[in-house]
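This report refers to the structure that appears directly beneath it.
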Amino acid sequence: MSDSTVILLANPAAGRGRALKSAEAAAAKLRTFGASVELVVPESAEDADIAARQAVARVPSAIVACGGDGTMNVVLQAVAMSAVPFAILPCGTGNDNARGLGMPVDPVIWATAVAASISQPRVRRIDLARAQTGGPGRWFLGVLSTGFDSCVNERANRMEWPRGRAKYLVGIAAELRSFKPVAYSVSVDGIDHSDEGMLVCVGNGSSYGGGMRVCPTAHIQDGLLDVTWVGPLKTSTFLRVFPSVFRGTHVENPAVRVLRGREIRIQAAGQVAYADGERLGDVPVDISVVPDALHVLDLAD
């Protein structure tokens, strides 16, 4: 039996409390449109996982992740392959996945768009990717990374200062002093490729890290995954090429190649995989695309 409630799951720590404030403002605005709204505020990631699964079991009008990519990824594990419409109220540092789905940042504008989408209703189905590193598989919406950027994530996660995006810039500078190209073996739909690389990323979506379009041609409704493979680069060359990732033009560099497929396997000694900014585990990692795995509220004008 379905439930007409819109369930907002808010991370109280995201954005130093900004996520909860935005969720409260969005809930208040939704109620002015006559919507039934429930705001859930879990105290931990484990509580959030339980709450998300319980919410999906009720088959609500929509379930909303209020926070950053971490909150989004927790809710995604519960809502994937269900008929429950999903939305993001972006309150994190990067908000790449929310931006890719056209989710407004302002909670009042967002709530107005959600109310219109539910009343129509307007829902579209998009692809998800599923990654497995030895344990249970995990869904992701945007980009899976290995190599240099995952090493930066590992370093940044150990740092207490600075906070936010600055932490990753410091991590990049520190990692560049010690990082060596990685020997990769990558299978794309059964075809093997072996070479060294600075990083190998797999994109269902196109961007991560607050607007870095690492997989610029990836599309969440094409049934394919894009693999961006950055070959060995001198530090000076890497620093010169790096800014172009925000435009997506780094793929024009001869050291960068793009592969596309439905089933990807990445092998590389001593490497860790991250997806949607969350640590998955040690490589090797197997990634597959699942078409139409997620129902998303269409908030386009």
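Points to keep in mind about this one:
- Counted charge near Phe179, where neighbours are those whose Cβ lies closer than 13 Å (Asp, Glu -1; Lys, Arg +1): 0
- Heavy-atom accessible area ranking, 1.4 Å probe, most first, across Tyr208, Tyr168: Tyr168, Tyr208
- Whole-number percent relative contact order across region 24-150, with pairs defined as alpha carbons under 8 Å at least 6 apart: 23 percent
- Percent RCO, i.e. relative contact order, over region 59-218, from Cα pairs under 8 Å lying at least 6 residues apart: 21 percent
- Burial order of peptide ranges 280-287, 140-147 (average beta-carbon count within 10 Å, highest first): 140-147, 280-287
- Accessible area of the chain belonging to carbon and sulfur atoms, whole % at 1.4 Å probe: 52 percent
- Anchor Lys234: lysines whose Cα lies under 21 Å away (excluding residues fewer than 8 positions away in-chain): Lys180
- Placing unit charges on the Cβ atoms only, positive for Lys and Arg and negative for Asp and Glu, gives region 232-301 a dipole magnitude near 560 debye about its Cα centre.
- Peptides 186-195, 23-32 ranked from most to least packed, by the mean per-residue count of other Cβ atoms within 10 Å: 23-32, 186-195.
- Here the peptides 119-125, 244-250 are ranked by packing, the mean other Cβ count within 10 Å, and the order with the highest first is 244-250, 119-125.
- Distance between region 131-173 and region 40-83 - C-alpha centres, whole angstrom: 22 Å
- Counting DSSP beta bridges with both ends in the chain, the antiparallel % (nearest 5): 75 percent
- Estimated from helical segments only, the mean residue ellipticity of the chain at 222 nm is -8500 deg cm²/dmol, where each DSSP H run of four or more residues counts as -39500 (n - 2.57).
- As a length-normalised measure over Cα pairs under 8 Å and 6 or more apart, the relative contact order of the chain settles at 21 percent.
- With Cα atoms defining each centre, region 239-285 and region 96-121 are spaced 29 Å apart in the structure.
- Test item: Cα-centred dipole of the chain, Lys/Arg +1 and Asp/Glu -1 on Cβ, debye: 720 debye
- Two-site FRET efficiency, Ala57 against Arg262, from Cβ-Cβ distance with R₀ of 45 Å, rounded to 0.05: 0.90
- Average accessible surface area per residue within region 217-290, 1.4 Å rolling probe, Å²: 48 Å²
- Between Ile191 and Arg18, the modelled label-to-label distance comes to 4.3 nm, taking each label 7 Å out from Cα in the direction of the beta carbon.
- Here's the list of aspartates and glutamates a cross-link from Lys21 could span, going by alpha-carbon distance under 15 Å and ignoring same-chain residues fewer than 8 apart: Glu38, Asp106.
- Cα-centred dipole magnitude for region 105-231, charges only on beta-carbon of K, R (+1) and D, E (-1), debye, nearest 20: 540 debye
The values are calculated or read from the model by the stated rules, or taken from the named source; none is laboratory data. Because the structure is predicted, anything quoted here is derived from the model rather than measured. Note that each Cβ is placed from the backbone with ideal geometry, even for glycine, and that neighbours are counted across all protein chains shown. Side chains are part of the model used for accessible areas, which takes the heavy atoms of the whole protein and leaves out ligands, DNA and RNA. Shrake-Rupley method; radii C 1.70, N 1.55, O 1.52, S 1.80 Å.
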